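Chemist: One structure follows; several queries about it will come next.
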Amino acid sequence: MSTRRRNQAFLAACVLAAVVLIAFLAIPLVALVTSVAPGRLPGLLTSPQTLDAVRVTAEANLVADALILLFGTPAAYLIARRSFAGRRALVTLIELPLVLPPAVAGIALIVAFGPNGPFGGALASAGLAIPFTEVAVVLAVTFVAAPFYLRSAISAFAAIDGHCLDAARTLGAGRFRVFRRIALPLSAEGLRSGWALAFARGVGEFGATLVFAGSVAGVTQTLPLAVYAELPVSLDSAIAIGILLLAVSAAILLLSKLPHLWTDSKSQSATSSAI
Amino acid sequence: MKTGVAAFLAVLAAGVLGACGSNDTLTVYGASSLKQVLPKFDASPTYSFAGSDVLAQQIENGAPADLFAAASPEYPKLLAAKRICETPVPFASNTLVIIVPSGSTGINSLSDLEVGPSRRLAVGATAVPIGNYTREALASSGAGTVLTRNTVSDEQDAAGIVSKVALGSADAGIAYVTDAKSSDGRVRAVALPASAQPVVTYMACVVVRDGANTTAAKDYLTKLTGPDGQAALKAAGFGPAPSK
């Protein structure tokens, strides 16, 4: 086989692999969206239970995302720009919730913050119980979604050329000013995509919420939990909520990429010409 | 289109499961509450445990079950009416109890849930058998307020109820006595008033489909309703099948 033929065969194999995988990823999504007539969606999505679930999901995720940005951004900046002993171990710790099965995350949260746990016990004796409240949903969402933001934010801050920050400092800018005027704008894209992933993951959060927060209608029953609750009752309602969740996730991911959606970024086009 | 999706999933599941066992292995679909006892009674079949409603749906869509052991008469009768399984046979009964964390002392009867502070309860959702039995029991003992004055998490199966109580996120739950027994001592059972006790009959039926291992399924069912099966069920906390 000539080199040229081999090259073509390799390229064809890559194309085939891509087509198969993309079809595999897309077919279930298309099947989901087309399995309920669009005209029926408004009716299926406006039951009081679903509207409650929309409210709970929105509230819990807004609070969780505010917490993730508020605590995650400075934490990521610190971890990315400082070298200290145990840094790698710390980053691994942050990544652990990403690979933890959500049900295990839920159990871990109960053991820590449930009435029998070290933190929950103190709260419970003060008359505050976290399980079965919206606070539990916020904690579950924050726990599983924060690592997505942290990971992305740490890489974004770490990728900034240190000379830019040093130059600003020598020109007299304070730490906060350097952070706000240099570091944040330079890492904006990484922060935005990390936030989008975290938000999308949080909206879809199921396992940890179910185990830790329970499925209390109007209080802890988020949209993914409503899907699970509707499954034995009405498959159509479950699918309708599924479509809603898919649309929300797609919107979040698309919005985060909006400026660059149809233009190939420079690094990507460099890769594509190398094949 | 809905049935199209379901049929597609069922075919997929059937294909995956069918590839795992040859034709002569017996496949038993059992209600979640039987998960502890059936493999102990007979380890040879391939088991699949889930909510009876879910299993019935799968069998209706062609899943490769040979025997269906359900936690209620409803689903086997439904399948029998559609000629997907033979006449259902009762093989056990179960009892509903309140479960509380083994260390807790505040709840000692149903009436404790009708007074005092609002508590966190884990009960079955309305769509699943345990949820139906729970609502039936509360209604018949005039304790309907239990579900409105407390904070209630609707669980899709007994596992959800027991785990919430065992881990302490719920103060109490309503589950089968057999679930309380199989919780490693993490939960304690509190009896419901006898007047509130619903009749929870477990029924099994031999599945009718092409290629079903009918002989083995019938043998299994005979053994299950015989002395060996009844002894195993009794040891797990089940009661005998109601005589009628």
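Chemist: Checking the conditions here, which among B:A143, B:A159, B:A125, B:A166 is closer than 29 Å to A:L128 by Cβ, away from every other protein chain (no Cβ under 14 Å) and in contact with an Asp or Glu (Cβ under 9 Å, 6 or more places away or on another chain)?
Modeler: Numbers: B:A159 fails: away from every other protein chain (no Cβ under 14 Å); B:A125 fails: away from every other protein chain (no Cβ under 14 Å); B:A166 fails: away from every other protein chain (no Cβ under 14 Å).
When all the criteria are applied, what remains is B:A143.
Chemist: Also, I was wondering about something else. From the list A:T92, A:T57, A:T3, A:T34, which residue is among the β-branched types (V, I, T) and under 30 Å from A:G162 (Cα atoms)?
Modeler: A:T92
Chemist: Go through the range A:34-74 residue by residue and tally those that are surrounded by fewer than 20 Cβ atoms within 10 Å (Cβ to Cβ) and touching a Leu at 6+ places or on another chain (Cβ under 7 Å).
Modeler: So the answer is 2.
Chemist: Please go through the range B:71-112 and give me each residue that is under 22 Å from the mean Cα position of the chain (by Cα), small (G, A, S) and within 14 Å of chain A (Cβ to nearest Cβ), ordered by number.
Modeler: Within the range B:71-112, B:A71, B:S72 meet the criteria.
Chemist: Follow-up. Being of a type outside the set (V, I, T) and within 11 Å of A:T73 (Cα to Cα) is the filter here, so list the residues in the range A:146-179 that pass it. Break it down stepwise before answering.
Modeler: At the first step, the residues of the range A:146-179 found to be of a type outside the set (V, I, T) are A:146-153, A:155-159, A:161-169, A:171-177, A:179.
Residues satisfying the conditions are A:A146, A:Y149, A:L150, A:R151, A:S152, A:A153, A:A156, A:F157, A:F179.
Chemist: Counting only residues that are in contact with a Pro (Cβ under 9 Å, 6 or more places away or on another chain) and buried (at least 21 other Cβ atoms within 10 Å of the Cβ), give me the strands (runs of 3 or more DSSP E) lying completely in the range B:137-244 with at least 3 of them.
Modeler: Working: elements: B:151-155, B:172-176, B:187-191, B:200-206.
Correct list: B:200-206.
Chemist: Of all residues in the range A:46-68, how many are farther than 13 Å from A:L245 by Cβ, part of a helix (DSSP H, G or I) and not charged (D, E, K, R)?
Modeler: Within the range A:46-68, the subset farther than 13 Å from A:L245 by Cβ is A:46-49, A:51-52, A:55-56, A:59-60, A:62-68.
From the residues that got through so far, the ones that are part of a helix (DSSP H, G or I) too are A:48-49, A:51-52, A:55-56, A:59-60, A:62-68.
Restricting the remaining residues to those that are not charged (D, E, K, R) gives A:48-49, A:51, A:56, A:60, A:62-64, A:66-68.
Going through the range A:46-68 one residue at a time, the tally reaches 11.
Chemist: Ok, one more. Are any residues in the range A:113-123 facing chain B (nearest Cβ under 9 Å) and assigned to a helix (DSSP H, G or I), and if so, which ones?
Modeler: Of the residues in the range A:113-123, the ones facing chain B (nearest Cβ under 9 Å) are A:114-117, A:120.
Listed by number, the list holds a single entry, A:G120.
Chemist: Okay, next question. Failed condition for A:L96, given (1) surrounded by fewer than 18 Cβ atoms within 10 Å (Cβ to Cβ); (2) aliphatic (A, V, I, L, M); (3) in contact with a Phe, Trp or Tyr (Cβ under 8 Å, 6 or more places away or on another chain), with all others met?
Modeler: Of (1) surrounded by fewer than 18 Cβ atoms within 10 Å (Cβ to Cβ); (2) aliphatic (A, V, I, L, M); (3) in contact with a Phe, Trp or Tyr (Cβ under 8 Å, 6 or more places away or on another chain), only one is false for A:L96: (3).
Chemist: Here's a check for you: in the range A:74-112, which residue that is basic (K, R) and assigned to a helix (DSSP H, G or I) is farthest from A:T209 (Cα to Cα)? Before the answer, list the steps.
Modeler: Here is the first cut: in the range A:74-112, the ones basic (K, R) are A:81-82, A:87-88.
Adding the requirement that they be assigned to a helix (DSSP H, G or I) leaves A:81, A:87-88.
Details: A:R81: 34, A:R87: 30, A:R88: 29 Å.
Taking the candidates together, the pick is A:R81.
Chemist: How about the range A:168-264: which helices (runs of 4 or more DSSP H) wholly inside it have at least 3 residues that are closer than 20 Å to B:V152 by Cβ and assigned by TED's automatic domain parsing to the domain that holds A:P102?
Modeler: Numbers: elements: A:175-178, A:188-203, A:207-213, A:223-230, A:235-257.
Qualifying helices (runs of 4 or more DSSP H): A:207-213, A:223-230.
Chemist: Next question, about the same structure. Keeping to the range B:224-244, report how many residues are within 13 Å of B:P90 (Cα to Cα) and not hydrophobic (A, V, I, L, M, F, W, C).
Modeler: Qualifying residue count for the region: 9.
Chemist: Just checking, does the range A:171-191 include any residue being among the aromatic types (F, W, Y), buried (at least 22 other Cβ atoms within 10 Å of the Cβ) and either under 16 Å from the mean Cα position of the chain (by Cα) or more than 14 Å from every other protein chain (Cβ to nearest Cβ) (or both)?
Modeler: no
Chemist: Would you check if B:S33 is at pLDDT 85 or above, in a helix (DSSP H, G or I) and assigned by TED's automatic domain parsing to the domain that holds B:T87? Talk me through it step by step, then tell me what you get.
Modeler: Values: at pLDDT 85 or above: yes; in a helix (DSSP H, G or I): yes; assigned by TED's automatic domain parsing to the domain that holds B:T87: yes.
Yes: the conditions hold for B:S33.
Chemist: In the list B:S111, B:S52, B:S93, B:S118, which residue meets the criterion of being surrounded by fewer than 17 Cβ atoms within 10 Å (Cβ to Cβ) and under 22 Å from B:Q36 (Cα atoms)? Let's see the steps before the verdict.
Modeler: Values: B:S111 fails: under 22 Å from B:Q36 (Cα atoms); B:S52 fails: surrounded by fewer than 17 Cβ atoms within 10 Å (Cβ to Cβ); B:S118 fails: under 22 Å from B:Q36 (Cα atoms).
Residue meeting the stated conditions: B:S93.
Chemist: OK, next. If you scan the range A:128-159, which residues turn out to be in a helix (DSSP H, G or I), closer than 24 Å to A:A58 by Cβ and of a type in the set (F, W, Y)? Explain how you work it out, then say what you get.
Modeler: Restricting attention to the range A:128-159, the residues satisfying the condition of being in a helix (DSSP H, G or I) are A:134-158.
Next, only the ones that are closer than 24 Å to A:A58 by Cβ stay: A:134-150, A:152-153.
Within the range A:128-159, A:F143, A:F148, A:Y149 qualify.
Chemist: Let me ask something else about it. Hey, can you tell me all the residues within the range B:58-77 that are closer than 25 Å to B:T95 by Cα and of a type in the set (S, T, N, Q)? Give the steps one after another, and end with the answer.
Modeler: Filtering the range B:58-77 down to residues closer than 25 Å to B:T95 by Cα leaves B:67-77.
Correct list: B:S72 only.
Chemist: Go through the range B:166-205 and count every residue that is of a type outside the set (D, E) and without any contact (Cβ under 8 Å) to a residue 40 or more places away in the chain.
Modeler: 2
Chemist: Given the conditions (1) within 14 Å of chain B (Cβ to nearest Cβ); (2) part of a helix (DSSP H, G or I); (3) of a type outside the set (D, E); (4) touching an Asp or Glu at 6+ places or on another chain (Cβ under 9 Å), and given that A:L29 satisfies all but one, which numbered condition is not satisfied?
Modeler: The number of the failed condition is (4).
Chemist: Within the bounds of the range A:130-141, is there any residue that is closer than 18 Å to A:L93 by Cα, free of Cβ contacts under 8 Å to residues at least 24 places away in the same chain and more than 9 Å from every other protein chain (Cβ to nearest Cβ)?
Modeler: Just the residues of the range A:130-141 that are closer than 18 Å to A:L93 by Cα, to begin with: A:139-141.
Remaining after also requiring free of Cβ contacts under 8 Å to residues at least 24 places away in the same chain: none.
Within the range A:130-141 (the criterion being closer than 18 Å to A:L93 by Cα, free of Cβ contacts under 8 Å to residues at least 24 places away in the same chain and more than 9 Å from every other protein chain (Cβ to nearest Cβ)), the answer is no, since none of the residues qualifies.
Chemist: Just to verify a result, which residue in the range A:195-217, among those that are more than 17 Å from A:A251 (Cα to Cα) and among the aliphatic types (A, V, I, L, M), is farthest from the other protein chains (Cβ to nearest Cβ)?
Modeler: Within the range A:195-217, the first condition is being more than 17 Å from A:A251 (Cα to Cα), and the residues that meet it are A:206-217.
Among the residues that remain, those that are also among the aliphatic types (A, V, I, L, M) are: A:208, A:210-211, A:213, A:216-217.
Values: A:A208: 12, A:L210: 7, A:V211: 7, A:A213: 8, A:V216: 5, A:A217: 7 Å.
Step by step, filter the range A:195-217, then rank; the result is A:A208.
Chemist: Please determine whether any residue of the range B:209-224 is in contact (Cβ under 8 Å) with a residue 40 or more places away in the chain and within 16 Å of the chain's Cα centre (by Cα).
Modeler: Start the filter on the range B:209-224 by keeping residues that are in contact (Cβ under 8 Å) with a residue 40 or more places away in the chain, which leaves B:209, B:211-214, B:216-217, B:220-221, B:223-224.
Still in the running and within 16 Å of the chain's Cα centre (by Cα): none.
Scanning the range B:209-224 turns up no residue that is in contact (Cβ under 8 Å) with a residue 40 or more places away in the chain and within 16 Å of the chain's Cα centre (by Cα).
The values are calculated or read from the model by the stated rules, or taken from the named source; none is laboratory data. Given the structure is predicted, the values throughout are model-derived calculations rather than measurements. We place every Cβ from the backbone using ideal geometry, glycine too, and count neighbours over all the protein chains shown.
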